[in-house]
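The values are calculated or read from the model by the stated rules, or taken from the named source; none is laboratory data. All values reported here derive from a predicted model rather than from experimental measurement. We place every Cβ from the backbone using ideal geometry, glycine too, and count neighbours over all the protein chains shown.
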């Protein structure tokens with residue numbers, strides 16, 4: 001069960017990774033039409049405004065079509081066969097789901113206390129998805145539909161029908177078997193979801209009024225659950241869903257950024273929900289403190305190698321908010337440090353919130369600067385300085401705390417490991433076979449090959465998927481897997497074993513490595529022998 005939950009959590013990253021670029025585009029364009037920075041060019045009748053606004057509209061694509069993006073994106077990682085076909089099926093069924101709901105509410109809306117004649121918007125419970133007026137189930141409806149479609153897809157996509165029914169095989173058959181369950185799910189949604197929306201509204205009021213304690217608990221869980229992959233279920237409803245504000249903090253903040261930048265009252269009094277997006281500060285200030293502590297506590301002869309490991313991992317965390325390459329360098333070697341990290345991250349966010357810091361700060365320095373610091377600086381420089389000062393203080397707290405734990409407990413963090421002999425595999429035979437197969441080589445083939453060999457070869461692999469930085473696999477025999485030292489030696493950030501469920505921490509190049517990895521598996525299926 002846990003393996004399936006982790007697989008699902010990893011799949012959530014497929015659409016989420018697109019948000020960083022889109023958020024950057026939106027933030028920059030909002031900045032470039034802000035009268036504080038561009039003066040009269042911000043007038044709606046100027047060519048400058050029209051060009052900037054046109055570019056900004058493109059940046060809004062993923063935010064305005066977020067449910068569709070999740071409906072299409074999840075099957076990429078979840079489906080075990082023919083992922084592209086599963087994406088198409090999920091889109092068809094998800095849109096059918098919304099058409100069903102639209103028609104049900106059009107005829108029977110009053111029976112479920114929904115006035116379907118009103119315009120969509122906040123407080124109505126209605127929205128537009130792909131041009132269809134429907135209930136606002138946010139990303140939750142998309143996730144449920146995608147999960148159902150993937151189940152039917154894996155079960156029925158390859159089903160052989162009689163020849164005279166051959167036209168209904170494959171994707172058509174998946175849509176057929178999904179059609180009635182989708183209708184029933186739409187009826188259930190129309191009946192139940194308005195009550196859920198009411199409950200979410202009450203939850204928003206509670207969380208928004210929970211103060212620093214609520215921010216602390218939320219941030220602590222968001223960090224602590226990273227090893228399980230369940231942290232997606234903590235931050236996603238807040239950041240992209242309706243947990244504290246309709247359509248999520250990220251979209252709401254960007255839509256109102258120009259208004260917020262022109263206010264002179266404390267933003268905490270206007271948007272207290274922004275405290276639930278302060279967890280990104282640990283990705284900036286916390287990551288720097290952790291890296292400094294690792295460097296100072298490493299053996300003198302290993303400091304250069306440790307710096308080479310830490311600089312790219314830390315920059316990835318600080319700039320774009322992907323922390324796993326750094327966190328997984330110590331998570332399973334010294335789990336007590338990850339608990340300390342979670343406590344410090346939660347404390348930093350809660351203290352910042354107590355001093356009036358709010359915003360949209362979940363994705364590193366680039367996100368924080370473009371969507372917070374730069375546009376808000378003129379009227380809210382005090383809040384920004386407060387955030388930075390507290391962050392710098394916590395860099396020092398991180399360094400002192402981590403250094404104390406590492407030295408007192410003699411933890412084997414980067415640069416303190418006992419030397420271990422690592423055997424590597426030859427690629428000569430593999431390259432020869434690959435050349436004969438007529439398939440080209442990519443720059444990621446080498447690491448993919450060494451990962452495959454370290455996992456016991458193609459015959460030991462049951463399935464493979466990935467999240468933002470991890471290659472997630474199921475193996476037949478965990479005893480065939482090499483040591484964590486082997487996987488670090490070949491260029492990955494580490495190995496996580498939970499029975500036959502395996503995770504290889506690759507970094508941001510994991511999609512390309514997975515593609516090369518699956519190419520190796522395909523070669524094996526084509527009876528191309530890989531010899532070691």
Among the candidates 49, 70, 116, 63, residue that is more than 25 Å from residue 254 (Cα to Cα) and buried (at least 16 other Cβ atoms within 10 Å of the Cβ): 116
Unique residue being surrounded by 18 or more Cβ atoms within 10 Å (Cβ to Cβ), modelled with pLDDT of 90 or more and in contact with a helix residue (DSSP H, G or I) (Cβ under 8 Å, 6 or more places away or on another chain) when the list is 245, 270, 215: 215
Test: residue 134 is more than 26 Å from the chain's Cα centre (by Cα), closer than 13 Å to residue 145 by Cβ and either in the same structural domain as residue 62 (by TED's automatic domain parsing) or surrounded by 14 or more Cβ atoms within 10 Å (Cβ to Cβ) (or both): yes
Matching residues in segment 332-356 - criterion: being within 19 Å of the chain's Cα centre (by Cα) and surrounded by fewer than 22 Cβ atoms within 10 Å (Cβ to Cβ): 342
Residue match in segment 111-125 (condition: part of a helix (DSSP H, G or I), touching a helix residue (DSSP H, G or I) at 6+ places or on another chain (Cβ under 6 Å) and in contact (Cβ under 8 Å) with a residue 60 or more places away in the chain): yes
Condition check for residue 187: in contact with a helix residue (DSSP H, G or I) (Cβ under 9 Å, 6 or more places away or on another chain), closer than 21 Å to residue 126 by Cα, in a helix (DSSP H, G or I) and modelled with pLDDT of 85 or more: yes
Condition check for residue 26: at pLDDT below 75 and either crowded, with 20+ Cβ neighbours inside 10 Å or not assigned by TED's automatic domain parsing to the domain that holds residue 361 (or both): no
The one condition in (1) touching a residue at least 60 places away in the same chain (Cβ under 8 Å); (2) surrounded by fewer than 23 Cβ atoms within 10 Å (Cβ to Cβ); (3) in a helix (DSSP H, G or I) that residue 101 fails to fulfil: (2)
